[in-house]
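Engineer: Please see the structure below; I have some questions.
The values are calculated or read from the model by the stated rules, or taken from the named source; none is laboratory data. Remember, predicted model here, so these are calculated numbers, not experimental data. Here the Cβ is made from the backbone with ideal geometry for all residues, glycine too, and neighbour counts use every protein chain on show. For the accessible areas, the whole protein counts, side chains as well, though only heavy atoms, and no ligand, DNA or RNA atoms are used. Shrake-Rupley method; radii C 1.70, N 1.55, O 1.52, S 1.80 Å.
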Amino acid sequence: MKQFILFASALLIFNSCKERTDYSKWTNSAGTKDAARYSSLEQINIENVVGLDVAWEYHTGDATENSQIQCQPIIVDSILYATTPKLNLVALHVETGKELWRFDPFEVLGGENSWAGTNRGVTYFKEGTTQRILFCAGSYLMSVDALTGKPDKRFGDEGKVDLQVGLSDNPEDQFLVVSNTPGIIHEDKIIIGMRVSEGLDAAAGHIRAYNAKTGKQEWIFHTIPQKGELGYDTWDAKYVDKIGGANNWAGMTLDEKKGIVYVPTGSATYDFWGGFRKGDNLFANSLIALNATTGERVWHYQIVHHDVWDRDIPSNPNLVTINKDGKKIDAVAQITKHGYVFVFDRKTGEPVFPIEEKAIPENKMDGEFASVTQPTPTLPEAFMRQNVASSDLLNITPELEKEVNEMIKGVEYGNMWLAPSQERPFLLFPGFDGGGEWGGAAVDPETSIMYVNANEMPWLIEMTPNEAAKLKKGEISGSSIYANNCANCHGADRMGNTSAFPKLVGLGDKYNSEEVHKILKNGRGAMPSFRHLAEQERDAIVDFLLEQEQKGIKRELSGGKEKLITPYLMNGYRRFLTKDGYPGINPPWGTLNAIDLNSGKILWKTPLGEFPELTAKGFPITGRENYGGPVVTKGGLIFIGATEDEMFRAFDKKTGMVLWETKLPAGGHATPSVYEWNGKQYIVIACGGGKSNKSGDSYLAFALPD
């Protein structure tokens, strides 16, 4: 009996060690499958971080105007895997940054780049001696041998699976479908979401699992329910089969022990007018817990009802064990664009802290069916301002105060749930890019403290009548196709919005018709491909952009999914900025925050980023817009790039004090990775820039000198 007890105890210890997460490795996006973005390495610490120096730099060689690198590398043994601006997959030696191999997916796809766009990471799969890197290019999920960079011909169709297949019963349907965030491995499956169009031509954003060896689809979860499924009654049955979105573009998190994958979703289309989707619209804007083996729903919680603010859930959640009222709780914590953290029991979905349904202002948009309440957590404390009052309008100098007072005339503001209206423009705050964003939060598993960066940027929203709604069924015009597909980014007036969305007025001075057709079909940089549009629709857009459209000419369309037409459109993504590029509210404009998830209280908040010219004039550090997330280490540090001032910083995780900073060759709009090789700790970050500053093509690794 004694021997049995000893054996059982040894087995328990073995299983416990087997289940314990190894935070010294960075083999998954976000480091580990629980998305902690935490490293247990501590060679680099608060005492010696000032001695960090460049260990190696790798240039991809394929940056273009406005291109970006948002990829967080993964590291397996001696190899670092990452992607380039043109979505080549590269393998680098972790000690030197030397390129071992490069795979260009578009050579396999016939040379046509259906949207290089942005990529935020890749997925590693190993079974026996088989090692694969799974990643997406255009609408394809691809499998590449991790050691050689050669396509795995046994996977799908000669190494690729088309993510468009299976999204519709109509073979004529064509969708904009990409997956710019890596999937996650459970057993022998890769579970993956996707990015879809922002318009009413969007595909439904169903979650799918594929066999990681063969590419065969194993299961699907309908994020827009079909008839007879849970949540179908939260939609208008007349239109639900024509609605898209409710997609997972932000990544997902896995509890391997429980076999549950946690999937955040975005809004349903159209983002800013919901007259075709009466109801709360499950499972849009939700955190969904699914059985990772079967795809069956375990629980869900909808964080935004009937979204008309584009408040997608922006990042994968963090798994954390917290101590509340003397009780340990395995929890899942989800950050949001509007600056909240929702915390749930990982197994049951019960809120750890009370969540209240609070009344919001009435939505007066014609034809709209708004929700009258929205969920509001009592704790954790919000990590950003929740509204803009008159005292928040920018007044740090008399000149800026005067300018902003003119800018705000006729604009409604003051409540985070002000809704779009055809009657007036309004300030959307929190804004489109958070609060929290796709870089995600980091959590220290030893303390259950969350570290999250936030944007505090107001956006100016205006709704305009949709010309296409006046056309006869089946007819189009170039201006209406532009309005429904391009105006959100480039503006109804084609004047653009910062360098990320260039102006299109005078496009004919730079490009001819053939060149514009090619860009529309294949995409460029952050601009998606529009090959999902019918050829005659692309013809119409080109004629309109080159000012060759013949007035009164309409083109007949046929085939594919019937497209709904909204009566109103949003008149472009426009930040509320002064002529000098400063947000029209008082600082801070970007912050880094520490939140104790045990108590829900904010421990500290510090500005993240600066405008050097304002600092030089004696203004306190303002913070700045930031894209990309933090990592936290056992060495007492938080590392983060993200900011538009192109700096990479290390903060003391206990105080929020900056301990070290360095200028990057281009903006580090990505989350760093931490790894060890031959006894040396490294931190590596992509320097792709391309937001409101110059583009770059490098990965930069830092370490302490020998």
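Engineer: Based solely on C-alpha atoms, express the radius of gyration and the Dmax of segment 265-396 in angstrom.
Structural biologist: Calculated on Cα positions, Rg and Dmax stand at 16.5, 56 Å.
Engineer: Counting only other residues whose beta carbon sits under 12 Å from that of L614, what net charge do I get with K and R as +1, D and E as -1? Spell out each step's value before the answer.
Structural biologist: Values: positive: K617, R624; negative: D580, E610, E613, D645.
Here the charged neighbours net out to -2.
Engineer: Turning to a different aspect of this structure: In whole Hz, with x marking every Gly and Pro, tabulate ³J(HN,Hα) for segment 183-197 from phi via Karplus 6.51 cos²θ - 1.76 cosθ + 1.60, θ = phi - 60°.
Structural biologist: After applying 6.51 cos²θ - 1.76 cosθ + 1.60, I find x, 10, 8, 10, 6, 10, 10, 10, 9, 9, x, 6, 9, 10, 4 Hz.
Engineer: Cβ neighbours within 10 Å, averaged per peptide: list 26-32, 660-666 in order, most packed at the top. Working shown, then result.
Structural biologist: Working: 26-32: 25.0, 660-666: 16.3.
Averaged packing, sorted descending, gives the order 26-32, 660-666.
Engineer: Sort out for me the Cα centre separation of segment 198-217 from segment 385-434, rounded to whole Å.
Structural biologist: 38
Engineer: How would segment 150-287 be classified by its alpha-carbon gyration tensor: rounded, prolate or oblate, with rounded meaning a/c under 1.5 and the a/b versus b/c comparison settling the rest? Write down the numbers at each step before the final one.
Structural biologist: Numbers: a/c = 2.07, a/b = 1.50, b/c = 1.38.
Prolate is the answer for segment 150-287, as a/c is 1.5 or above and a/b outweighs b/c.
Engineer: Does segment 593-703 come out rounded, prolate or oblate by the C-alpha gyration tensor, with a ≥ b ≥ c the root eigenvalues, rounded set by a/c under 1.5 and, if not, prolate when a/b is larger than b/c and oblate if not? Write out the running numbers ahead of the final one.
Structural biologist: Working: a/c = 1.79, a/b = 1.01, b/c = 1.77.
Verdict is oblate for segment 593-703.
Engineer: How do 349-358, 204-213 rank on mean C-beta neighbours within 10 Å, highest first?
Structural biologist: Details: 349-358: 14.3, 204-213: 22.8.
Result, highest mean first: 204-213, 349-358.
Engineer: From the Cα gyration tensor of the chain, with a ≥ b ≥ c the square roots of its eigenvalues, which class applies: rounded if a/c is under 1.5, or else prolate if a/b is larger than b/c, or else oblate?
Structural biologist: Details: a/c = 1.35, a/b = 1.23, b/c = 1.09.
Rounded.
Engineer: Do any trypsin sites (Lys or Arg not before Pro) in segment 22-126 lie in a DSSP loop with no more than 14 other beta carbon atoms within 10 Å, and if so, which?
Structural biologist: On the way: sites: K25, K33, R37, K86, K98, R102, R120, K126; in loops: K25, K33, R37, K86, K98, R120.
Answer by residue number: K98.
Engineer: Round to a whole angstrom and tell me the spacing of the C-alpha centers of segment 446-473 and segment 585-644.
Structural biologist: Taking the Cα centre of each part, segment 446-473 and segment 585-644 sit 22 Å apart.
Engineer: Amide H to amide H, which residues 5 or more places from W677 or on other chains are under 5 Å from it, using H placed in the peptide plane?
Structural biologist: For W677, whose amide H was placed from the backbone, the distant partners under 5 Å are Y682.
Engineer: Rounding to the nearest 20 debye, state how big the charge dipole of the chain is about its Cα centre with +1 on each Lys and Arg Cβ and -1 on each Asp and Glu Cβ. Spell out each step's value before the answer.
Structural biologist: Working: 73 positive and 91 negative charges, 210 e Å.
So the magnitude is around 1020 debye.
Engineer: How large, in percent, is the carbon and sulfur part of the accessible surface of the chain at a probe radius of 1.4 Å? Each step should come with its number before you reach the end.
Structural biologist: Numbers: 13670 of 27480 Å².
Carbon and sulfur: 50 percent of the exposed surface of the chain.
Engineer: Something else now. Of I133, G166, S67, which is farthest on the positive side of the dipole of segment 47-171, counting Cα position, with +1 on Lys and Arg Cβ, -1 on Asp and Glu Cβ, and the Cα centre as origin?
Structural biologist: Positive-most Cα among the choices belongs to G166.
Engineer: Next question. Heavy-atom accessible area per residue, the chain, 1.4 Å probe: how many Å²?
Structural biologist: Values: 27480 Å² over 706 residues.
With all protein chains present, the chain gives 39 Å² per residue.
Engineer: I would also like to ask the following. For the pairs K605/K653; K33/K153; K25/K126; K33/K86; K33/K337, note any where the Cα-Cα span goes beyond 19 Å.
Structural biologist: Correct reply: K33/K153; K33/K86; K33/K337.
Engineer: Give the separation of the Cα centroids, segment 269-285 to segment 478-528, in Å.
Structural biologist: So the separation of the two Cα centres works out to 27 Å.
Engineer: Please state the charge dipole magnitude for segment 603-691, taken about the Cα centre, from unit charges on C-beta atoms (+1 on K and R, -1 on D and E), reported in debye and rounded to the nearest 20.
Structural biologist: On the way: 10 positive and 9 negative charges, 58 e Å.
The dipole magnitude comes to about 280 debye.
Engineer: Relative contact order, percent, of the chain when contacts are C-alpha pairs under 8 Å separated by at least 6 residues?
Structural biologist: Numbers: 1883 pairs, mean separation 111.5, N = 706.
Contact order relative to length: 16 percent.
Engineer: Ignoring everything except DSSP H segments at least 4 long, calculate the 222 nm mean residue ellipticity for the chain; use -39,500 (n - 2.57) per segment, divide by total residues, nearest 500. Could the numbers behind the result be given before it?
Structural biologist: On the way: 8 runs with 70 residues, N = 706.
When only DSSP H runs of four or more count, the value is -3000 deg cm²/dmol.
Engineer: By DSSP, what percent of the beta bridges with both residues in the chain are antiparallel, rounded to the nearest 5?
Structural biologist: On the way: 134 of 139 bridges.
Close to 95 percent.
Engineer: Turning to a different aspect of this structure: Just list whichever of K98/K150; K402/K663; K327/K601; K213/K258; K160/K189 have alpha carbons separated by over 25 Å in the model shown.
Structural biologist: Those over the limit are K402/K663.
Engineer: So which DSSP H runs in the chain come out at 24 Å plus along the axis (Cα) with average Kyte-Doolittle of at least 0.0? Can you show the working numbers first?
Structural biologist: On the way: long enough: 2-19 (26 Å, 0.83).
Those that clear 24 Å and a mean of 0.0 are 2-19.
Engineer: Still on this structure: Sorting check: for 514-520, 261-267, which peptide has the highest mean count of neighbouring beta carbons within 10 Å, and how do the rest follow? Mind dumping the intermediate values first?
Structural biologist: Details: 514-520: 15.6, 261-267: 27.4.
In descending order of packing, they fall as 261-267, 514-520.
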